[in-house]
Every structure is written in C-alpha cells, then in structure tokens.
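**Q** Once you've had a glance at the structure underneath, I'll fire off some questions.
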Amino acid sequence: MQHVSPNDQSLCVCSFRRIHSFGLSLLVSLSALGHSTKSFSADAPKTAAPVAAEATSEPQAEAETFTPPPETAKPVDFCELLSRGPGVALQDTEVTLHTFLEKFIADLQQKKFAHLNQFFHPRAKVRSDIGEKIESIINSRYDAPLQYSIFRVWRIKSPSASKQILDSCPESDGAKIITSFGYNEQFAVWIQIMGQNELGRLIVSIAPDKGWISIVGFRIQQWTQSGDDWRTWAMKGQAAEAKKNVRESYIAYDISQKLLEGKDLVLYPAQVDIIKKRDSFFTQPQLVETINKDLGITTTAYVGTLLAKEGSGLFLREYIAKELPTSKLNAMCLERGQKLEKAGWLNPTQGLRCNFLFKGMDPTKDSGLGGFYKTAEDLHPTVKK
C-alpha cells in the first residue's frame with residue numbers, strides 16, 4: 001500500500017493572543033479566538049493616607065496603630081456542569097446554546113462541512129476551507145458511519161475574563177479545562193465522535209458576544225487508538241516495562257500521552273507523568289541513535305509514534321542526499337519497516353510512515369519530498385502460491 005498519510009492530525013483553535021498557521025501533519029492550528037469584553041473591577045474601599053501629627057513642645061503621645069479595612073474578596077472563576085450525555089437536553093436552561101449545538105451537530109452528521117465556518121467567531125479569521133480541513137481529519141481517523149452526540153457541557157464564569165486553568169469542573173474525567181481569554185462567560189462543550197473503529201471528541205469553547213454565540217476555541221481530540229484509551233495504553237507500557245521490553249514500552253507510553261493532548265483547551269495532569277516515564281527510556285536524540293543502530297544507517301532525522309486509522313506504529317523522517325525516484329523511496333520505507341519489526345520496535349499489527357528530507361530541513365516537520373505509509377499488511381506481503 002503506497003500513499004502519503006499524515007501522522008497526528010489535530011485541529012486546535014486556541015489562544016486569541018497567538019496565531020498559528022494550518023498544518024495537516026496531525027496538528028492544524030488556527031488563530032485562537034477571544035474578544036475583550038467589559039472588564040471587571042471590584043469596588044474595594046479606598047484607604048485614606050494617615051494625617052501627619054502636629055508639631056508640639058509636649059512629649060508626643062504614642063500613635064494609634066492604623067488598621068485598614070479588609071479588602072473586598074476577589075471574584076473567582078467557577079465551572080458548572082449543565083449536561084452529561086445526550087440524554088440531558090439544554091433547551092430548558094440554555095435555549096440559545098441548545099439551538100446552536102443542535103445545528104452544529106446536524107451539519108456534522110449530514111456532512112455539511114462547508115457550513116462550519118459560520119459557527120466560528122469573526123475574529124478567528126478562519127478561512128473558508130476550515131470545514132474541508134475538519135472533514136479531512138475526521139475521515140482520516142474514523143470509519144463511517146459516524147455518530148455525533150453531546151458528552152459534557154459546562155458553564156464557566158470568569159469575572160476577570162482572563163485565561164485560566166480550572167480544576168473545579170465536575171465530571172471532567174481528570175482534565176482541567178482552560179478558559180478562552182476575553183470572556184466573562186463561556187461554555188465548554190465536549191462532543192463525542194463514535195466511529196466504527198475509534199472514539200474521538202470535539203473540544204469546543206463557545207462564548208456569547210453582542211447577542212450572538214460562536215466558537216472561540218476548537219480541537220479534535222482522538223480518544224482511542226486501535227480501540228484502546230490512554231489508560232489502557234499506559235497499562236500496555238507498564239506490562240512491556242515489566243518484561244524489560246523498552247522499545248514496546250516507549251511506544252505504548254507515547255501513544256498514551258498523545259491521546260491526552262489537549263493543547264490550549266484541556267490539560268491532563270496525567271500526561272506529564274506519562275511523558276516522564278516515556279523519556280526515562282529514550283529521549284529523542286537517544287531514540288534516533290538507537291533506531292539508526294537497529295537499521296544499520298546514520299540518516300534518521302526524527303522518530304515518533306503513529307496514530308492512524310489502520311493502526312498504531314512509528315513514523316520516521318530520514319535525510320537523503322539527493323532526490324530519488326518514488327519507487328526507490330517506497331522500497332526504502334518497506335525495508336525500514338520490516339527491519340524495525342525484527343528489531344522489536346513494531347509488532348505484527350503495527351505499521352510505519354516514512355518521510356524524506358534534505359539536510360537543513362526541519363526534522364520535526366514533514367517535507368514535500370515524499371511520504372509513504374506501510375500498514376501491517378504491507379509489511380507482511382502474502383506469498384503467492
């Protein structure tokens with residue numbers, strides 16, 4: 001099987017103060033939204049300056065200690081759960097939000113991706129092909145038919161309208177929700193994608209502004225890989241570690257932490273611990289060095305784990321000295337995959353994606369020189385009788 005395949009397509013519309021360009025290497029980032037609303041200022045009592053004592057020839061009496069009045073308590077952010085699952089409707093409590101989500105999910109379900117740009121805040125300045133990019137990512141991850149449903153909805157009050165990390169949101173499955181800058185009130189919404197192979201989530205931040213509500217933050221989060229969530233992948237890492245299989249353990253831990261990647265919308269404290277565990281086996285330079293040794297080459301530039309519809313695995317970026325025919329690069333990728341399986345990096349159900357670079361190119365990004373994806377079936381060609 002020969003085709004170009006992105007590694008970890010994710011789409012994130014994040015912080016208004018930072019603007020990212022689209023990239024379909026697994027992460028597509030857009031300008032994050034936010035709109036300054038009326039700022040909150042607490043009416044704290046003002047303290048008058050003490051009056052200087054008058055000069056006198058008499059001994060000065062001991063001055064009374066001045067005690068300022070207590071400061072007014074600062075307003076705090078709070079997070080209220082409004083809905084858990086599709087069985088809890090919002091039409092009785094948040095009519096506008098209910099209508100907005102109903103239309104948004106209907107367009108997703110009916111594959112009207114060309115309409116999706118109308119749901120985003122104008123300041124996002126999303127391009128007209130935002131829907132096309134969302135569709136591409138979803139189709140590359142999940143087997144149809146797909147079902148979309150509300151998983152969680154929270155109302156968030158943020159008097160300071162600042163960007164905050166909230167650990168008070170109930171039933172957030174261990175996640176801390178990150179607010180979008182510039183809004184006194186907003187809604188955090190998790191929409192579940194149920195495919196025939198995997199589960200995913202659309203992490204959406206929605207805020208009212210001038211009588212309208214719109215999306216001010218957006219990310220597609222993959223929740224399962226090969227049918228397993230991040231906890232199961234972490235347990236796979238532990239099991240491999242117990243068997244002293246550091247290669248398999250590294251891959252399992254890295255896939256686990258990738259499933260917890262929330263960028264600027266959600267934060268999972270468990271991800272930090274999993275990354276530390278993963279890096280205890282190989283840092284990126286150590287990983288490149290070990291892969292080069294196992295392949296008998298010196299040209300590996302970058303190594304990562306693969307999250308694909310067809311299964312998990314590895315991806316390699318490799319330096320080449322000159323442009324080579326497609327057939328040659330394809331054969332190189334196949335050879336790399338078969339050697340990595342023999343070295344214990346890949347099991348018989350995993351695949352490999354290859355991308356080729358010239359020296360001087362950024363090893364952390366794909367180039368246009370050529371990319372190939374070899375599934376587990378490609379690495380085990382059927383012997384013709």
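**Q** Tell me, what HN-Hα J-couplings in whole Hz come from the Karplus equation 6.51 cos²θ - 1.76 cosθ + 1.60 at θ = phi - 60° for each residue of segment 289-296, using x for Gly and Pro?
**A** 4, 5, 4, 4, 5, 5, 8, x
**Q** In a shell of Cβ-Cβ distance under 12 Å around Met332, excluding Met332 itself, what net charge do Lys and Arg (+1) and Asp and Glu (-1) give?
**A** Values: positive: Lys328, Arg336, Lys339, Lys374; negative: Glu318, Glu335.
Result for the local shell: +2.
**Q** Could I ask something else about it? May I ask you to list the residues of segment 206-248 whose amide nitrogen lies under 19 Å from a point 7 Å from Cα along the Cα→beta-carbon direction of Thr283?
**A** The answer is 247, whose backbone nitrogens lie closer than 19 Å to the label point.
**Q** Still on this structure: Going by C-beta contacts inside 10 Å, put Asp92, Asp107 in order with the fewest on the left. Working shown, then result.
**A** Numbers: Asp92 7, Asp107 18.
By the 10 Å Cβ count, ascending, the order reads Asp92, Asp107.
**Q** A follow-up question, please. Just add up the charged neighbours of Thr375: K/R +1, D/E -1, any other residue whose Cβ is under 11 Å from the Cβ of Thr375. All intermediate terms of the calculation are to be shown ahead of the outcome.
**A** Values: positive: Lys309, Arg353, Lys374; negative: Glu310, Glu377, Asp378.
Combined, the nearby Lys, Arg, Asp and Glu give 0.
**Q** Ala242: net charge of surrounding residues, Cβ under 15 Å, Lys/Arg +1, Asp/Glu -1, itself excluded?
**A** Values: positive: Lys236, Lys243, Lys244, Arg247, Lys277; negative: Glu241, Glu248.
Charge balance in the 15 Å sphere: +3.
**Q** State which entries of Lys236/Lys374; Lys157/Lys277; Lys293/Lys365; Lys339/Lys365 exceed 30 angstrom in Cα-Cα distance in the structure shown. Before the final figure, lay out the partial values.
**A** Details: Lys236/Lys374 23 Å; Lys157/Lys277 36 Å; Lys293/Lys365 23 Å; Lys339/Lys365 24 Å.
Result: Lys157/Lys277 exceed 30 Å.
**Q** Just subtract the alpha-carbon distance of Lys342 and Met194 from 0.36 nm times their residue separation and send over the number in nm, one decimal. Present the calculation step by step, with values, prior to reporting the outcome.
**A** Working: separation 148, 0.36 × 148 = 53.28 nm, distance 3.48 nm.
Contour length minus the Cα-Cα distance gives 49.8 nm.
**Q** Can you return the lysines within cross-link range of Lys359? Criterion is Cα-Cα under 18 Å, with same-chain partners fewer than 8 residues away left out.
**A** The qualifying lysines are Lys322.
**Q** Run down the aspartates and glutamates and flag those whose C-alpha is under 12 Å from the C-alpha of Lys258, throwing out any fewer than 8 positions away in its chain.
**A** The qualifying aspartates and glutamates are Asp8, Asp229.
Here, each number is a calculation from the coordinates, and none is a lab measurement. The model shown is predicted, which means the values in this text are computed figures rather than measured ones. Every residue, glycine as well, gets a Cβ built from its backbone with ideal geometry; the counts of neighbours run over all protein chains shown.
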